[in-house]
1. With respect to residue 125, is the statement that it is open to solvent by less than 60 Å² (accessible area, probe 1.4 Å) and either modelled with pLDDT under 95 or within 26 Å of residue 195 (Cβ to Cβ) (or both) true?
2. Among the residues of the range 135-148, is any hydroxyl-bearing (Ser, Thr, Tyr), open to solvent by less than 60 Å² (accessible area, probe 1.4 Å) and either farther than 17 Å from residue 208 by Cβ or more than 12 Å from the chain's Cα centre (by Cα) (or both)?
3. Tell me, which residue of the range 75-91 that is charged (D, E, K, R) and within 18 Å of the chain's Cα centre (by Cα) is nearest to residue 143 (Cα to Cα)?
4. Quick one: in the range 14-51, which of the residues that are open to solvent by 80 Å² or more (accessible area, probe 1.4 Å) and of a type outside the set (D, E, K, R) is nearest to residue 156 (Cα to Cα)?
5. Within the range 107-202, considering only strands (runs of 3 or more DSSP E) that don't extend past its boundaries, which have at least 3 residues that are under 21 Å from residue 71 (Cα atoms) and not hydroxyl-bearing (Ser, Thr, Tyr)?
6. Need the failing condition index for residue 104 against (1) under 27 Å from residue 192 (Cα atoms); (2) in contact with a strand residue (DSSP E or B) (Cβ under 9 Å, 6 or more places away or on another chain), just the number.
7. Could we say that residue 62 is of a type in the set (A, V, I, L, M), in contact (Cβ under 8 Å) with a residue 24 or more places away in the chain and farther than 26 Å from residue 115 by Cβ here?
8. If you check 94, 54, which single one turns out to be touching a helix residue (DSSP H, G or I) at 6+ places or on another chain (Cβ under 7 Å) and within 16 Å of residue 152 (Cβ to Cβ)?
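The values are calculated or read from the model by the stated rules, or taken from the named source; none is laboratory data. Everything quoted here is computed from the prediction, not taken from an experiment. Virtual Cβ from ideal backbone geometry, glycine too; neighbours counted across all protein chains shown. Note: areas computed on protein heavy atoms with side chains; ligands, DNA, RNA excluded. Shrake-Rupley method; radii C 1.70, N 1.55, O 1.52, S 1.80 Å.
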Amino acid sequence: IANTYNLVDKNRNYALVDKGGQGTLFYCKGEPVTCSDIKVPGYYIVHKDKVFSCRSQQGEVLCQEDGVSETACDNASKIGKLFSPADSSSVSICLNYDADAAAGKKAIVVELNGSNGGNYLISKNADSAFNVFGISGSSDRYAIVTIKDKTVSLNADYDNHLRYVYALKETSRVMEKAEGLCPKDNNGLPEADAILEVSCAKGVCKEADAEVVISGVADGNFIN
């Protein structure tokens, strides 16, 4: 069937895997139908009751089918998880939660509705069980994820051709040169306090030296 996900066990003659079990996820599309296996960690969503969570395990990407169980991004334990309000069919992802932030700015979320596509930084959950994107090192703090329609996938190949990756603190949206997203102060210079600077390798990021934020952003031609 075209435009469908199928979770199979390649060790059992590609038998379908029941909900809660692990296997290889295939996405089938086109006419005639062709299927390819998912090789990138992330979330692949059909609807709130049918979500495939995929993570890298011992050199291969294994997935399992679940539903969205969280209803809000309301504390740090929800970081990296999908959520959907009880009375809604919409699905969003919790990119970060800062309990010390001002009211109304504690949670950073993106609704997966097709209009919020782009690259984002997702923060590390203190519980490794919920780090779908492989944020596991002691100094690792973020991962670069690409949001497209109803998928959230690790962007291990991201390269802005600069030493650092820059993102807006308010939204965790990665700043791209051509988008003109750079916040500026009254003098037209990059507003350092509004910019997050990270050093990334294969999509997993560490915090960088805050002192080079302004010069680094300027050199990267983010000022338009």
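1. Criteria met by residue 125.
2. Start the filter on the range 135-148 by keeping residues that are hydroxyl-bearing (Ser, Thr, Tyr), which leaves 136, 138-139, 142, 146.
From the residues that got through so far, the ones that are open to solvent by less than 60 Å² (accessible area, probe 1.4 Å) too are 139, 142, 146.
Still in the list and also either farther than 17 Å from residue 208 by Cβ or more than 12 Å from the chain's Cα centre (by Cα) (or both): 139, 146.
Within the range 135-148, one or more residues are hydroxyl-bearing (Ser, Thr, Tyr), open to solvent by less than 60 Å² (accessible area, probe 1.4 Å) and either farther than 17 Å from residue 208 by Cβ or more than 12 Å from the chain's Cα centre (by Cα) (or both).
3. Within the range 75-91, the first condition is being charged (D, E, K, R), and the residues that meet it are 78, 81, 87.
Going one step further and asking which of them are within 18 Å of the chain's Cα centre (by Cα), we end up with 78, 81.
Numbers: 78: 16, 81: 13 Å.
Applying the filter and picking the extreme gives 81.
4. The initial filter retains those residues of the range 14-51 that are open to solvent by 80 Å² or more (accessible area, probe 1.4 Å), namely 14, 16, 18-19, 22, 29, 31-32, 34, 39, 47, 49.
Filter once more, keeping what is of a type outside the set (D, E, K, R): 14, 16, 22, 32, 34, 47.
Values: 14: 28, 16: 29, 22: 23, 32: 31, 34: 25, 47: 25 Å.
Restricting to residues being open to solvent by 80 Å² or more (accessible area, probe 1.4 Å) and of a type outside the set (D, E, K, R), the top hit is 22.
5. Details: elements: 107-111, 118-123, 142-148, 151-154, 165-168, 195-201.
Output list reads 107-111.
6. Exception for residue 104: condition (2).
7. Values: of a type in the set (A, V, I, L, M): yes; in contact (Cβ under 8 Å) with a residue 24 or more places away in the chain: yes; farther than 26 Å from residue 115 by Cβ: yes.
Yes: the conditions hold for residue 62.
8. Numbers: 54 fails: touching a helix residue (DSSP H, G or I) at 6+ places or on another chain (Cβ under 7 Å).
That would be 94, the only listed residue that is touching a helix residue (DSSP H, G or I) at 6+ places or on another chain (Cβ under 7 Å) and within 16 Å of residue 152 (Cβ to Cβ).
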